[in-house]
Amino acid sequence: MKLAKFVDELPIPAILKPRWKDAASSYYEVKMTECKHSFHRDLKESTVWGFEGGYPGPTLEVESDEKVYIKWINDLPAQHLLPVDYSVHGAHKDVPEVRTVVHVHGACVEWESDGYPEAWFTKGFEKVGPYFRKQVNRYDNCQRACTLWYHDHALGITRLNMYAGLAGFYLIRDQRERSLNLPSGKYEVPLMIQDKTFHPDGSLSYPKQPKKPVPELETSIVPEFFGDTLLVNGKVFPFLKVEPRKYRFRLLNAANSRFFRLKLDSGQRMYLIATERGFMQEPVGVNEILLSPAERAEVIIDFTNLEGKHIIMKNDAPAAFPAGESVGEDTGTVMQFQVVLPLARVDTSVIPAFLMPVPQLHEQSSSKSRYLTLDDKMDSYGREWMLLDNKSWDAPISENPKLGSTEIWYLINLTKDSHPIHIHLIDFQVLDRRDFDVDRYKKEKTIHYMGPAHPPEPHERGWKDTVRADPKQVTRMIMRFGPFTGLYVWHCHMLEHEDYEMMRPFIVIR
Ligand SMILES: [Cu+2]
């Protein structure tokens with residue numbers, strides 16, 4: 001569907017107020033409901049699922065080390081808004097059709113509050129999954145200032161729950177951040193970038209079947225979902241009126257499967273200041289930023305002396321990435337900045353020369369290396385079936401790091417696609433990527449490198465929780481496990497892969 005560009009203003013989600021708050025802790029209630037949403041001026045109101053009556057959900061803003069208690073409440077209808085495939089794991093007819101569990105992506109949190117995929121619950125907590133432990137989750141926020149986000153994580157239907165609208169920002173602030181004199185207040189804007197497809201009546205469209213239908217199944221999961229229209233904060237091709245000064249943007253790829261490679265059509269640089277889990281050591285000037293699903297980047301864009309200019313944020317990442325279809329005009333356009341507001345006061349914010357020490361984790365500190373393949377298989381219906389280390393979700397736990405230990409994970413990608421791999425609980429540093437002989441690996445199960453190791457890209461040299469594992473490469477990350485023990489997950493963040501079944505439990509043990 002062809003929709004006019006830059007006719008709707010960018011919405012900025014409101015900050016959610018806690019129910020109560022004292023010096024060290026706060027309590028929130030966040031309800032999921034079916035609600036109406038306007039995606040675009042020329043589309044009729046659509047039915048979506050939102051938090052606190054809105055999509056995206058309201059932004060939660062908390063302090064580093066604050067104890068935050070959240071009761072996530074499911075008040076959704078009993079029937080799903082989108083086509084459920086009952087043949088995928090965790091979504092059989094033996095569970096309620098509508099189930100939710102909220103994961104704060106990137107949270108340093110006890111396992112019982114992490115939103116384990118089988119800790120789902122239904123309306124009024126009437127039915128709960130086998131790993132459900134508590135109605136009120138506890139978040140310790142034992143981490144530095146960063147851009148996190150919350151979204152549904154229910155086993156087998158995450159792709160549908162999130163596509164229906166269940167996502168929002170969760171920001172952690174700290175003293176260091178306040179000392180940096182970054183653009184703040186209305187000059188600090190979160191941008192949740194997604195792709196969707198609409199029916200002519202304005203309702204959300206999600207395919208019931210892949211391009212080649214599965215004859216035995218009325219509804220089947222698709223290998224990946226790519227929408228034909230891009231949205232920011234729930235609006236199609238929005239504009240944002242800005243002053244001629246610096247702004248801080250928190251970029252989040254919240255798409256089901258689409259990668260975004262973002263650049264400004266003015267050719268100007270963006271100053272990258274933070275990755276997923278905190279500030280970089282120094283800002284990095286970049287012309288483009290590649291974000292796979294769930295990756296975040298914080299950038300400063302300087303509109304000084306650009307009065308009257310209209311600047312478009314473009315995307316040119318093929319879907320699937322990297323070898324899929326190139327973008328069209330619609331999937332290549334994200335949003336527009338209109339430098340039309342008068343400067344309210346002199347811009348005294350800065351792009352700091354130094355942000356925060358980011359000490360390198362050394363390979364010598366690692367006590368264990370894990371070699372983990374990303375595999376492309378076929379299920380009994382002839383459908384694509386992506387696995388981690390050749391194991392399905394139900395296979396016994398194989399990743400069992402010790403509390404406080406440091407490990408290096410080798411992601412050995414045997415598939416044609418790039419996969420954004422996310423590990424819960426911890427943050428990590430990317431060590432390198434290196435080409436290897438895939439065919440030889442498949443025969444001999446040993447890695448034969450075909451070239452030198454490439455260091456992470458400039459925009460990846462900070463604390464991360466999601467990393468691109470590119471095809472025909474071994475991607476290595478180093479991480480320290482803690483401060484909690486318990487059961488967590490690691491998975492591909494392309495939601496169609498995650499739901500089937502590119503996700504594995506891991507356990508941090510004492
Ligand atoms: Cu994947």
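Listing for the model above:
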quantity: Matching residues in the stretch 365-391 - criterion: being under 26 Å from residue 453 (Cα atoms), within 16 Å of the ligand (Cβ to nearest atom) and part of a loop (DSSP other than H, G, I, E, B); calculated: 389, 390
quantity: Sole residue being surrounded by 13 or more Cβ atoms within 10 Å (Cβ to Cβ), under 30 Å from residue 273 (Cβ atoms) and in contact (Cβ under 8 Å) with a residue 60 or more places away in the chain, chosen from 411, 387, 374, 403; calculated: 411
quantity: Test for residue 134: is it without any contact (Cβ under 8 Å) to a residue 24 or more places away in the chain and outside any loop (DSSP other than H, G, I, E, B); calculated: no
quantity: Leading residue by the ranking (farthest from the ligand (Cβ to nearest atom)) among those in the stretch 497-510 that are out of contact with any helix residue (DSSP H, G or I) (no Cβ under 8 Å at 6 or more places or on another chain) and outside any strand (DSSP E or B); calculated: 510
quantity: Total residues in the stretch 482-496, condition under 20 Å from the mean Cα position of the chain (by Cα), among the aromatic types (Phe, Trp, Tyr) and either within 14 Å of the ligand (Cβ to nearest atom) or assigned to a loop (DSSP other than H, G, I, E, B) (or both); calculated: 1
quantity: All positions within the stretch 416-442 that are surrounded by fewer than 21 Cβ atoms within 10 Å (Cβ to Cβ) and either within 16 Å of the ligand (Cβ to nearest atom) or modelled with pLDDT under 95 (or both); calculated: 416
quantity: Hits in the stretch 208-220 (condition: in contact with a Pro (Cβ under 8 Å, 6 or more places away or on another chain) and at pLDDT 95 or above); calculated: 208, 219, 220
quantity: Qualifying positions in the stretch 392-427 - within 22 Å of the chain's Cα centre (by Cα) and in a strand (DSSP E or B); calculated: 409, 410, 411, 412, 413, 419, 420, 421, 422, 423
quantity: Any chance residue 272 is under 20 Å from the mean Cα position of the chain (by Cα) and either touching a residue at least 24 places away in the same chain (Cβ under 8 Å) or not in a strand (DSSP E or B) (or both); calculated: yes
quantity: Those strands (runs of 3 or more DSSP E) lying entirely in the stretch 20-79 with at least 3 residues in contact with a strand residue (DSSP E or B) (Cβ under 8 Å, 6 or more places away or on another chain), in contact (Cβ under 8 Å) with a residue 60 or more places away in the chain and crowded, with 20+ Cβ neighbours inside 10 Å; calculated: 46-51, 67-74
quantity: Qualifying positions in the stretch 158-199 - surrounded by fewer than 22 Cβ atoms within 10 Å (Cβ to Cβ), of a type in the set (Gly, Ala, Ser) and touching a residue at least 60 places away in the same chain (Cβ under 8 Å); calculated: 184
quantity: Filter pass, residue 344 being at pLDDT 95 or above, under 30 Å from residue 287 (Cα atoms) and within 16 Å of the ligand (Cβ to nearest atom); calculated: no
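Condition check ((1) surrounded by fewer than 20 Cβ atoms within 10 Å (Cβ to Cβ); (2) in contact with a strand residue (DSSP E or B) (Cβ under 7 Å, 6 or more places away or on another chain); (3) in contact (Cβ under 8 Å) with a residue 40 or more places away in the chain) across all residues:
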position: 210; (1), (2), (3): yes, no, yes
position: 218; (1), (2), (3): yes, no, no
position: 230; (1), (2), (3): no, yes, yes
position: 234; (1), (2), (3): no, yes, yes
position: 239; (1), (2), (3): no, yes, yes
position: 252; (1), (2), (3): no, yes, yes
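The values are calculated or read from the model by the stated rules, or taken from the named source; none is laboratory data. Everything numeric in this text was worked out from a predicted model, so none of it was measured. Neighbour counts are summed over all protein chains in view; Cβ atoms, including those assigned to glycine, are modelled from backbone coordinates with ideal geometry.
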